[in-house]
Amino acid sequence: MRYLGLTEADRREMLAAIGAPNIDALFRDVPAGALNPTIDLPPHQGELEVERQFAAMAKRNISPMDVPFFLGAGAYRHHIPAAVDHLIQRSEFLTSYTPYQPEISQGTLQYLFEFQTQVTMITGMEVANASMYDGATAAAEAVLMAQRVTKRSKAVLSGGLHPHYRDVVSTLMDQTDQPHVAAPVDLDGTEDLTNLIDDQTACVVVQNPSVFGHLRDLSALAKACQTKGALLVVAVAEVTSLGLVTPPGAMGADIVVAEGQALGVPLSFGGPYVGLFATREKYVRQMPGRLCGETVDQDGRRGFVLTLSAREQHIRREKATSNICTNSGLCALAFTIHLSLLGEAGLVRLAEINHAKAVQMAEKLGAVKGVEIIPQAFYNEFAVRLPRPAAEIAEKLAEKKILGGVPASRLYPADKALENVLLIAVTETNAESDMDALVGALKEVL
């Protein structure tokens, strides 16, 4: 394909059509200093020298595999079977190709179909799409979907919703001038959102377990939403919890979104991750993203197609359910392989081990003077209140080569009430020696 540049006449015509006097006017909202920044780059070096320099920089990072690691807050270190990495790197899968057309890439469509099936089973829902970019963007898409379904605009966001999820939803609502209500931070797990639901509410978005670790029965909230004609959106940041915790669908959720990173996908310094999205079958035509379906060809052989894909590439923009151009294909494959290797019994057992280790860690920390465990019921992550600022303590633990938790003040920098709160996550990868190392170091820094 040849590239044909625009002529000056073309540019004038385009600017006139959009009402801009010149090209500079298109960038008027960008700060002047950001348009032509001065980048202080070092002089040119050879490949070997550059490789050494980057290797030296990389050594400054602490690998989560090399030290006691208790960081969580939506991203978790789990053991990934070697088979996962081996299989996703097979040439059949390791490709940049995205199956836009329904009649090709049968292998890709089949594993996405199986991925969807797995997501519906663990969430307790009826239909799932072929994945989203991550849990936060899935939550934002769920709010948009709820607005389409209910023909309402208001969204109520729980104070236990991860702040990254809340911020993504809020950003989207601000850009579309849609109202949303963010409940106060729910550190103690006692919030009651029913009084925020009115006749203009499209959905209520909650997280289970909450960002502070609280486990809740959402059945009463689901009934309250149903009474008012609103949808209940449940977000799950730690997907392995669905092996043990009552699935959102069984509690009355209308839409379930989740971060699937914990199964098959490494931490990777924050991404790429894989978002899960599931809903009730009656809402399927309003679901964003793509849906793979099973069919038979003219000879009666089993086959797979893109059953629904009402995205901008396939439909007029005003009728599209989303502008997501693809899905997290390779990460979804890793998720599918890992969960297939576990099986139903294996997922339950993995969840049991995670919870048991978290309980053990909570008991050890609870015995430390000045440390208070906040949630009464939790899965594998819980908040603790310390006698001193948590960020300061976390830094001291890191200096001792222990990644001892996520300070809540880094998630909620404006909330002084959370200054002494630390989020501790425990998984099957944490040995008892890791726990003892954290307790011992914590006693020293306190």
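Some notes on this structure:
- Net lengthening on full extension, Ile39/Lys443 (0.36 nm per residue, minus Cα-Cα): 141.0 nm
- Working ranking of peptides 175-183, 263-271 by packing, defined as the average number of other Cβ atoms within 10 Å per residue, highest first, is 263-271, 175-183.
- Ala9 paired with Ala345, simple spin-label distance in nm, labels 7 Å along Cα-to-beta-carbon: 7.6
- About the Cα centre, charge dipole magnitude for the chain (Lys/Arg +1, Asp/Glu -1 at Cβ), debye: 440
- Of the three principal axes defined by the Cα atoms of the chain, the extents in descending order read 73, 63, 49 Å.
- When each of the peptides 49-55, 127-133, 164-170 is scored by the mean number of other C-beta atoms lying within 10 Å of its residues, the order from highest to lowest reads 127-133, 164-170, 49-55.
- Overall, the range 112-198 carries a charge dipole of about 340 debye about its Cα centre when +1 sits on the Cβ of Lys and Arg and -1 on the Cβ of Asp and Glu, all other atoms neutral.
- With K and R counted +1 and D and E -1, the other residues having a Cβ less than 14 Å from that of Pro184 yield a net charge of -3.
- Taken per residue, the accessible surface of the chain reaches 51 Å², heavy atoms only and a 1.4 Å probe.
- Accessible-area composition of the chain, carbon plus sulfur, in percent [1.4 Å probe]: 53
- With the charge dipole of the chain set up from +1 on Lys and Arg Cβ and -1 on Asp and Glu Cβ about the Cα centre, the Cα lying farthest toward the positive end among the listed residues Ala431, Pro209, Val156 is that of Val156.
- Set of the range 229-252 residues, backbone N closer than 20 Å to the point 7 Å along the Cα-Cβ line of Phe93: 239-240
- Computed from label points 7 Å out along Cα-Cβ, the spacing between Asp199 and Asp66 is 6.3 nm.
- From helices alone, the chain scores -11000 deg cm²/dmol at 222 nm; the rule is -39500 (n - 2.57) for each run of n ≥ 4 DSSP H residues, then divide by the residue total.
- The stretch between Arg285 and Ala25, if pulled fully straight at 0.36 nm per residue, gains 89.7 nm over its current Cα-Cα span.
- Of the residues Ala250, Ala332, Ala383, the one that moves most in a GNM of the chain with alpha-carbon contacts below 10 Å is Ala250.
- Per-residue packing, averaged as other Cβ atoms within 10 Å, sorts the ranges 238-247, 84-93 into the order 238-247, 84-93, beginning with the highest.
- Segment Asp174-Asp85, extension gain: residue separation times 0.36 nm, minus the distance between their alpha carbons: 28.1 nm
- The mean sequence distance of close C-alpha pairs (under 8 Å, at least 6 residues apart), as a share of the length of the range 73-228, puts its relative contact order at 21 percent.
- Taking a span of 30 Å or more along the helix axis (Cα atoms) and a mean Kyte-Doolittle hydropathy of at least 0.0 as the rule, the DSSP H helices of the chain that qualify are 329-366.
- Normalised by the number of residues in the chain, the mean separation of alpha-carbon contacts (under 8 Å, six or more apart) gives a relative contact order of 20 percent.
The values are calculated or read from the model by the stated rules, or taken from the named source; none is laboratory data. As the structure is a computational prediction, the values presented were derived from the model and not from experiment. With ideal geometry, Cβ positions are generated from the backbone for all residues, glycine too; neighbour counts draw on all protein chains shown. In case anyone asks, the SASA skips ligands and DNA or RNA and just uses the protein heavy atoms, side chains included. Shrake-Rupley method; radii C 1.70, N 1.55, O 1.52, S 1.80 Å.
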